[in-house]
Amino acid sequence: MSVIVLTLIILIGSYFAGLLGSLTGLGGGVVIIPLLTLLLKVDIHYAIGASLVSVIATSSGSAAAYVKEGITNIRLGMFLEIATTAGAMVGALIAIYIPTHYIAVLFGLILILSAVMSLKKKAEIINQEPSKLAEKLKLNSTYPSVKGPVAYKVKNVSGGFFMMLFAGAISGLLGIGSGALKVLAMDTIMRIPFKVSTTTSNFMIGVTAAASAVVYLQRGYIDPGLSMPVAIGVLLGALSGSKILVHTSSSGWLRWVFAVVVTFLASQMIYNGFTGKI
Amino acid sequence: MANKRFKDADMQSIIGWILRAGVIISMSVVFIGGLLYLYRHGQSHVDYSTFKGVPDFVHSASGIINGIFTLRGRAIIQAGVILLIATPIVRVVFSAIGFVLEKDYLYLCITLLVLLIILASMLSGHAG
């Protein structure tokens, strides 16, 4: 395939990946990697490298908007980044020792988890139960809403922290943001309001991805010919997505589209991993 | 006097500004490099089906710097990618400064620990 044709295909695919990833808060990487490996037969190492670059662009691009609105809990993000960056470093370091078909299967499994997560009903429960550790770490905060600031408290800090170690390792291993695992840790374990957990997850993804990207960069996983269309496409998609998320309250049908697409891609990744084609 | 002090809201606007500026700058560099790359190699054939690493002129610091001056598209793209990777790291550095101004030393330590982990990751990549 010639450079110009490949670049255009990747550019268009990345735009939609960025749009969906931003709207669901799960990141564009989950669509980019199957697109590159299954459709365009790109080696999974290059796909992981390009995806990581796009993940940083998505996260930083939309986090810039959320942070200014005051929804992101910066202290919570900063504290949990200890776990995600440490996990990401370990993930990136062990990635070279794991055969690519195992990576493909693991990727498929994480994709299915992402799809299930994105469909779960988000009941907005504001936790008011105090926790000593959360108090000490100043994690309890407020977020703006139409009815004025809403105060919330954070639960089970250490449980969330360990989940973030795992999320970081997956991110470093697969080159995705692991937004699903981060939101799972914050929603289910730490009882953080959905709006806060989504934006704080987005805020952390960039740093987490950077921690493993510095390893991949030195190993030659990040090829400029692939990163260029992937990063530009995803960024434009994410910018469109963040405008929609900030200004509309529901994107229910999009979650369904995303879940169906992702489940299909996941089964393809697992099948190709088992048959040794990846 | 209270409104003279550095507050969380100031930190939020600075962090937002850094992330935005970092993305705009790095992606502009990637875009310019991309145009040059497509102009010079648009009709070439590429094959990414087997992993071969990356060419040397986009791998080493000296290669990239050399490539920028000789207007090699992929070297310029790679420089932009490095700026993009640096963006969230710079954000962490500015958070550290913000916590110093807020006199929040607990969070200063937490932020420095995150920077230390990223540094360790950088060094471990070199060794591997």
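The values are calculated or read from the model by the stated rules, or taken from the named source; none is laboratory data. Owing to the predicted nature of the structure, the values given are computational and were not obtained by experimental measurement. Here the Cβ is made from the backbone with ideal geometry for all residues, glycine too, and neighbour counts use every protein chain on show. Please note that ligands, DNA and RNA were not included when accessible areas were found on the heavy atoms of the full protein model with its side chains. Shrake-Rupley method; radii C 1.70, N 1.55, O 1.52, S 1.80 Å.
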Handout entry: At least 20 Å² accessible surface lost relative to isolated chain, residues of the stretch B:60-104 (1.4 Å probe)
Key = B:R74, B:I77, B:Q78, B:V81, B:I82, B:L84, B:I85, B:P88, B:R91, B:F99, B:D104
Exercise for the section: For the stretch A:188-278, report the convex hull volume of the alpha-carbon atoms normalised per residue, in Å³, without decimals. Expected result: 165 Å³
Fill in the blank from the handout: Whole-percent carbon and sulfur contribution to the accessible surface of the stretch B:31-128 (1.4 Å, no ligands, DNA or RNA) stands at 72 percent
Exercise for the section: Can you tell me how much longer the chain between A:I125 and A:E69 gets when fully stretched, taken as 0.36 nm per residue apart minus their C-alpha distance, in nm with one decimal? Expected result: 18.1 nm
Fill in the blank from the handout: Computed over all unlike Cα pairs, the Kirkwood hydrodynamic radius of the stretch A:31-169 in Å stands at 17.7 Å
Practice task
Would you compute, from DSSP H runs of 4+ residues alone, the mean residue ellipticity of chain A at 222 nm, taking -39500 (n - 2.57) per run and dividing by the full residue count, rounded to the nearest 500?
Solution key: -24000 deg cm²/dmol
Fill in the blank from the handout: Whole-number value, in Å³ per residue, for the convex hull of the alpha carbons of chain B is 137 Å³
Problem - Area buried, chain A against chain B - accessible surface, total, 1.4 angstrom probe, square angstrom - result: 5200 Å²
Handout entry: Rg/Rh (Cα only; Kirkwood hydrodynamic radius) as it applies to the stretch B:46-120
Key = 1.19
Practice task
Run the numbers on chain A and let me know its relative contact order in percent, using alpha-carbon pairs under 8 Å that are six or more apart.
Solution key: 40 percent
Practice task
Could you name the lysines whose alpha carbon sits less than 26 Å from that of A:K182, not counting residues in the same chain fewer than 8 places away?
Solution key: A:K68, A:K120, A:K121, A:K122, A:K132, A:K136, A:K138, A:K153, A:K155, A:K195, A:K243
Fill in the blank from the handout: Dipole check, the stretch A:154-278, charges on Cβ (K,R +1; D,E -1), about Cα centroid: among A:M186, A:P229, A:F264 the Cα furthest to the positive pole belongs to A:M186
Completion exercise
Net charge (Lys, Arg +1; Asp, Glu -1) of residues whose beta-carbon lies under 14 Å from that of B:L38, B:L38 excluded, is +3
Practice task
Starting from the amide H of A:S141, placed 1.01 Å from N in the peptide plane, find each other amide H under 5 Å away whose residue is 5 or more places distant or on another chain.
Solution key: A:Y152
Fill in the blank from the handout: Residues from the stretch B:23-37 losing no less than 50 square angstrom of accessible surface in the full protein assembly compared with the chain alone, 1.4 angstrom probe, ligands and nucleic acids excluded, are B:V23, B:M27
Handout entry: Å² per residue, accessible surface of the stretch A:3-274 at 1.4 Å
Key = 34 Å²
Problem - Selected from A:A231, A:A64, A:A92 as most flexible by GNM, with chain A as the system and alpha-carbon contacts under 10 Å - result: A:A64
Fill in the blank from the handout: Partner lysines whose C-alpha sits under 26 Å from that of A:K41, ignoring same-chain residues fewer than 8 away, are A:K277, B:K52
Practice task
On each of the three principal axes of the Cα atoms of chain A, give max minus min coordinate, whole Å, ordered largest first.
Solution key: 56, 37, 29
Problem - Pairwise centroid distance, computed over Cα atoms, of the stretch A:1-59 with the stretch A:76-119, Å - result: 17 Å
Exercise for the section: Evaluate E = 1/(1 + (r/R0)^6) for A:F264 and B:T50, where r is the Cβ-Cβ distance and R0 equals 35 Å; express this FRET efficiency to the nearest 0.05. Expected result: 0.85
